Amino acid sequence: MARNIVTGIDVGTNLVKVVVVDPGEKNEKGLPRVIGAGMAESRGLRHGYVTNVRDVAESVKRAVAIAEEKAGRSIKRAFVGMGGIGLGSAAVTGTVMTSRADAEITHIDIAKLHEQCEKDIPKTSIANRRIIYDIPLQYRIDGEAVLGDPIGLTGNKLELKSLFVTCLDHHVTDLIQAVNEAGIEVEDVMASPIAAGFVTLSKAQKVAGCVLANIGAETVSIVVFENNVPSSLEVFPIGSTDITNDIALGLKVPLEEAEQIKIGAITGSSFPRKKLEEIVAARLSDIFELIDSHLRKIGRNGLLPAGIVITGGGSGLNSIDALAKAALKLPSRIGSIGAIDGKSSFKDATWAVAYGLCIAGIHADEGPDIDPASMFLKQSWKAAFRWVKRFLP
């Protein structure tokens, strides 16, 4: 049954963003039309995880109230983004022997293989964590790579490399509790970096290979896409707030003024421009060094044809794309979206997570089909994702 509205809530360390879409209406890109959006200052979070449930609930209430007013609809349920340093991933390769005498691969073999992969996750990678997604990356039959579905093919040994996206158990529990206390039923929890990919990346970019980097207030999350699916995800405990702190120390100004200088609200000769650029560039270099180190770890440094796409509040920093290109030796651009709500528009990619949650939520609920011409969401995602609802109240 089609919904009247679908809502996505992005609970960030700095801001809570709420986006409401009407699945029955589409914008010029063939995506569901945004009918309302709300934003409020976040309280009660640190590095993306909840430190005070009541404060987070109040922040969500304020953002939801603004979105309800603009949409002219009451919000009762929502898809919620899970980010922060509690988010992580583990790539695991499992192996099983085919069960039939004629060596034909069946659904039973595939199920056994997925179970084996889950058993093979290192204990250090799964301790105190819940699995959000189990994403198949590559099948092999008797050592040979398989393109597509292996069911019906023949072979003795079946292998699968799978990516498990996980989150700390208590982090997701606290987040759900906070949203519930705000009077909103949580329909599902989705990884924020992956949700952002629905509306900031084209199919061509995800197939060729790219890294989507979300630079938030206190964290930087990255997800690497290849062959149209996420192949790696990582979160670093550093963000644009660190740049604000560096400016405050370097220019000897209050934090509030440092933030205004960072976003370009204060200009002129009151501070040395060259020194400011050096301060910002130094911290951004640290961020891109962490990203490059991760790409080296997975063997993808300098090998992603679609390069790096930067989103989040930190993406608005001057020359950040040029610094990323120089540091990572990859093509670089600032991510953008174009969603019209009838009263205003937002193309700022800081809204990507909330809007992406709506897009993924429609698909997860078997809602109206999205125009294939948009190239943002394909049926392959449905097979790749395992929406985990068993931990929801």
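A few comments on the model shown:
- Extreme residue, farthest from Ile308 (Cα to Cα), among residues of the stretch 180-206 that are assigned to a loop (DSSP other than H, G, I, E, B) and modelled with pLDDT of 95 or more: Gly183
- Residue check for Gln177: modelled with pLDDT of 95 or more and either not assigned by TED's automatic domain parsing to the domain that holds Ile287 or not small (Gly, Ala, Ser) (or both): yes
- Residue in the stretch 3-12 that is crowded, with 24+ Cβ neighbours inside 10 Å and charged (D, E, K, R) present: yes
- Residue among Leu160, Leu175 that is in a strand (DSSP E or B) and closer than 29 Å to Ser221 by Cβ: Leu160
- Where a residue in the stretch 32-47 is farther than 30 Å from Gly88 by Cβ and modelled with pLDDT under 95 and its partner, wherever it lies, is assigned to a loop (DSSP other than H, G, I, E, B) and polar (S, T, N, Q), with Cβ under 9 Å and at least six apart: Arg33/Asn27; Val34/Asn27
- Gly84 buried (at least 23 other Cβ atoms within 10 Å of the Cβ), touching a strand residue (DSSP E or B) at 6+ places or on another chain (Cβ under 9 Å), modelled with pLDDT under 95 and assigned to a loop (DSSP other than H, G, I, E, B): yes
- Residue-level analysis places Arg62 outside the set of residues that are over 30 Å from Leu168 (Cβ atoms) and either of a type in the set (D, E, K, R) or without any contact (Cβ under 8 Å) to a residue 24 or more places away in the chain (or both).
- Close Cβ contacts (under 6 Å, 6 or more residues apart or on different chains) running from residues in the stretch 226-255 that are under 30 Å from Gln138 (Cα atoms) and touching a residue at least 24 places away in the same chain (Cβ under 8 Å) to residues that are small (Gly, Ala, Ser) and crowded, with 20+ Cβ neighbours inside 10 Å comprise Leu233/Ser89; Val235/Ser221.
- Test result for Ile132, free of Cβ contacts under 8 Å to residues at least 60 places away in the same chain, of a type outside the set (D, E, K, R) and touching a strand residue (DSSP E or B) at 6+ places or on another chain (Cβ under 6 Å): no
- Scan the stretch 242-278 for residues that are farther than 24 Å from Gly312 by Cβ and modelled with pLDDT under 90 and the total you get is 7.
- Among the residues listed as Val211, Val207, the single one being out of contact with any strand residue (DSSP E or B) (no Cβ under 6 Å at 6 or more places or on another chain), of a type in the set (Val, Ile, Thr) and not assigned by TED's automatic domain parsing to the domain that holds Leu45: Val207
The values are calculated or read from the model by the stated rules, or taken from the named source; none is laboratory data. Since the structure is predicted, the reported quantities are computational estimates derived from the model, not experimental observations. Backbone-built Cβ (ideal geometry, glycine too); neighbour counts: all protein chains shown.
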